[in-house]
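Asks: Have a look at this one.
No value in this document is a laboratory result; all are computed from the given coordinates. This is a predicted model, so every value here is computed, not measured. Ideal geometry is used to build each Cβ from the backbone, glycine not excepted, and the neighbour counts take in all protein chains shown.
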Ligand code: FES
């Protein structure tokens, strides 16, 4: 640690570590109990490494080692690395849903960054919610910030065939219910699916968000697809560590990168990768933290002309490892440059176009070229109508084409327990043309807007060979799931949205091309039902969850807490002693 500081202006950390008074003594002395020399406090950039490592977040279980590679890069570039933990959100374990805690983790991150002597931040992210949570928190502070994803797991492999995280769970589960897979085989598949460190290797929410941060320009190029266990992931960590030090010298703050153009680029890339529907709420929430006003209309407008180029599960057949070997996200970004804001600034200090100039496609069956796309319709479609006045979304690339224009009779489940109790009842009046409606699973209703929108189909229909039906809810869906699933209906049922008024037997019309979702019930009848509607009782009372329910915004506003929207900057006017 003997490199001479390069920055002339006083760094933020010097408000703690500079000077000769009692406060500076306190700040330095206690840090020195970790063995730091005097020159660690001489004005060099102090870089926080915000680590979401946890053994309960298996997707981020390798982050302690990854952080060491980041530190190596920071030290090489003359910075002072300080690693700190953030609340970790493991999608596979957290109940009632990890999404309930995304905003809580973002508060932890925001306050930890602002309150500490940090000049720049590296965000170590992986499992679904860790990426938006950390970026939301960092955006509300606006220091120089760079993101490093932990990388996907290696491809799953079951009995000689590739299997994908999540996607094949839904499939196997339906096969067990239909009687075509044994429980022994089901259990055997568990270890075959998750066979290395890393996050889900389908184009689920984790891979989508890794691609989103790369297309927002807040990672080094190539971040999204490098497998977690590949040595080049460690190298990416080291280079990320080097780069953040220079970003502090350049005062390259997050707000210079996270512009409206950057978000528009990310939306278009989401279309091209067949990305998760969860990206919609996450990107809106991040944008509103940094002061970019983004809406559902942006998603529909920008995604319309973007075909899906990437042949990855759940929309296609390959997995993230294949995507990396084919050239990774830079190939897609390069192909889309004519549509993107190619001059958008990134954390490299160069534009997006410069970053991807050398990208090459090594497998056009994995990454289809723009002139011969994998699927014509890649974006997220936003549906409006009397059933979703503030919008609902569907991912056309994961839907069954013939169901995208459909009229059917509603079969209504009042909540997730009602669904579970009723769906396999042989007496349930339902057929393949029915529309399954799930209520009270939105942000306030569940609470936390769980990933239950892709309801499994009734056993009796599965046994007849039915593989997809129209499903509508105010819930979300796992990014690894598929089907003709209408999600994020706003306003949600638990706050009296029209979804709460649907009854068994009502006719519903879905028209994805016309962007319409219509409940064929007269306004008078709906008014009568509205007068009878009673707010459902809260599942949990007190604590964080009651604050969440009181303040959470609807899906079209990103499901953030109302008082967290916006950037509050990095200034802390008062000392602690
Ligand atoms: Fe962590 Fe899928 S469970 S990314």
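Asks: Any idea what log10 I(q)/I(0) is at q = 0.14, 0.19, 0.29, 0.30 Å⁻¹ for segment 402-455, Debye with uniform C-alpha scatterers and no solvent?
Replies: -0.41, -0.71, -1.16, -1.19
Asks: Kirkwood hydrodynamic radius (Cα pairs, Å) of segment 303-369?
Replies: 12.6 Å
Asks: With N residues in segment 89-221, what two-decimal value do you get for its Cα radius of gyration over 2.2 N^0.38 Å?
Replies: Rounded to two decimals, the normalised Rg is 1.26.
Asks: Under the rule of -39500 (n - 2.57) per DSSP H run of 4 or more residues, summed and divided by the residues of the chain, what mean residue ellipticity at 222 nm is obtained, to the nearest 500 deg cm²/dmol?
Replies: -10000 deg cm²/dmol, from helical runs alone.
Asks: Still on this model: Segment 239-289 to segment 487-552: how many Å between their Cα centroids?
Replies: 32 Å
Asks: How far is it, in nm, from the label point at residue 562 to the one at residue 185 when both lie 7 Å from their Cα along the line to the Cβ?
Replies: With each label placed 7 Å out from Cα toward Cβ, I get 5.2 nm.
Asks: Quick one: compute a quarter of the convex hull surface over the Cα atoms of segment 57-111 and quote it in nm².
Replies: 4.4 nm²
Asks: A further question on this structure: Mind checking the full-extension length gain between residue 538 and residue 376? Use 0.36 nm per residue of separation minus the Cα-Cα distance, one decimal, nm.
Replies: Gain on extension, residue 538 to residue 376, equals 54.1 nm.
Asks: Figure the gain on full extension for residue 420 and residue 255 (residue separation times 0.36 nm, minus the Cα-Cα span) and round it to one decimal in nm.
Replies: Full-extension gain reported as 54.9 nm.
Asks: Please say if segment 262-356 is rounded, prolate or oblate, where rounded means a/c under 1.5 for a ≥ b ≥ c the square roots of the C-alpha gyration tensor eigenvalues, and otherwise the choice is prolate for a/b larger than b/c and oblate otherwise?
Replies: Cα axes put segment 262-356 in the oblate bin.
Asks: Can you give me the orientation-averaged projected area of the convex hull built on the Cα atoms of segment 8-109, in nm²?
Replies: So the Cα hull casts an average projection of 8.2 nm².
Asks: While we're on this one: Run the simple label-point estimate for residue 305 and residue 93 please: 7 Å along Cα→C-beta, distance reported in nm.
Replies: Computed distance between label sites residue 305 and residue 93 equals 4.7 nm.
Asks: If you stretched the chain out fully between residue 65 and residue 577, how much longer would it get, using 0.36 nm times the residue separation minus the C-alpha to C-alpha distance?
Replies: 180.8 nm
Asks: Same structure again: With angles folded into 0 to 90 degrees, how steeply does helix 22-32 sit against the dominant principal axis of the chain? Use alpha carbons for both and round to 10.
Replies: 70 degrees
Asks: Between residue 364 and residue 24, what FRET efficiency comes out of the Förster formula 1/(1 + (r/R0)^6) with R0 = 51 Å and r the beta carbon distance, rounded to 0.05?
Replies: Taking R0 as 51 Å, the efficiency between residue 24 and residue 364 is 0.30.
Asks: Let me know the shape class of segment 66-164, please: from the alpha-carbon gyration tensor, a ≥ b ≥ c as square roots of the eigenvalues, rounded when a/c is under 1.5, otherwise prolate if a/b is greater than b/c, or oblate.
Replies: It comes out oblate by the Cα gyration axes.
Asks: Quick check: Cα centre of segment 293-343 to Cα centre of segment 344-412, how many Å?
Replies: 7 Å
Asks: Calculate how steeply helix 278-290 sits against the longest principal axis of the alpha-carbon atoms of the chain, using the helix alpha-carbon long axis, and give the answer as 0 to 90 degrees to the nearest 10.
Replies: Here the helix axis deviates by roughly 40 degrees.
Asks: Follow-up question, since we're still on this one. Per q in 0.10, 0.19 Å⁻¹, report the Debye log10 I(q)/I(0) for segment 428-577, using one uniform scatterer on each alpha carbon and no solvent.
Replies: -0.45, -1.25
Asks: Using alpha carbons only, how many angstrom separate the centre of segment 83-152 from the centre of segment 1-76?
Replies: 18 Å
Asks: Only counting other Cβ atoms within 10 Å, I'd like 404, 294, 212 sorted with the fewest neighbours first.
Replies: 404, 294, 212
Asks: Here is a further query. Answer rounded, prolate or oblate for segment 158-292, using the Cα gyration tensor with square roots of eigenvalues a ≥ b ≥ c: rounded when a/c is under 1.5, else prolate when a/b is larger than b/c, else oblate.
Replies: Because a/c hits 1.5 or more and a/b fails to exceed b/c, segment 158-292 counts as oblate.
Asks: In segment 374-407, which residues have a backbone nitrogen under 14 Å from the label point lying 7 Å from residue 507's Cα in the Cα-to-Cβ direction?
Replies: What the label zone holds, given the 14 Å backbone N cut-off, is 406-407.
Asks: Can you sort 36, 577, 27 from fewest to most other Cβ atoms within 10 Å of each residue's own Cβ?
Replies: 577, 36, 27
Asks: Another question about this same structure. Given a Förster distance of 45 angstrom, what is the FRET efficiency for residue 527 paired with residue 343, based on the Cβ-Cβ distance and rounded to 0.05?
Replies: So the FRET efficiency works out to roughly 0.30.
Asks: Ok, one more. If you rank 53, 30 by fewest surrounding Cβ atoms within 10 Å, what's the result?
Replies: Fewest-to-most Cβ neighbours within 10 Å comes out as 30, 53.
Asks: Provide the convex hull volume over Cα atoms per residue for the chain, in Å³.
Replies: Taking only Cα atoms, the chain has a hull volume of 149 Å³ per residue.
Asks: Could you work out the per residue convex hull volume over the alpha carbons of segment 454-502, in cubic angstrom?
Replies: 84 Å³
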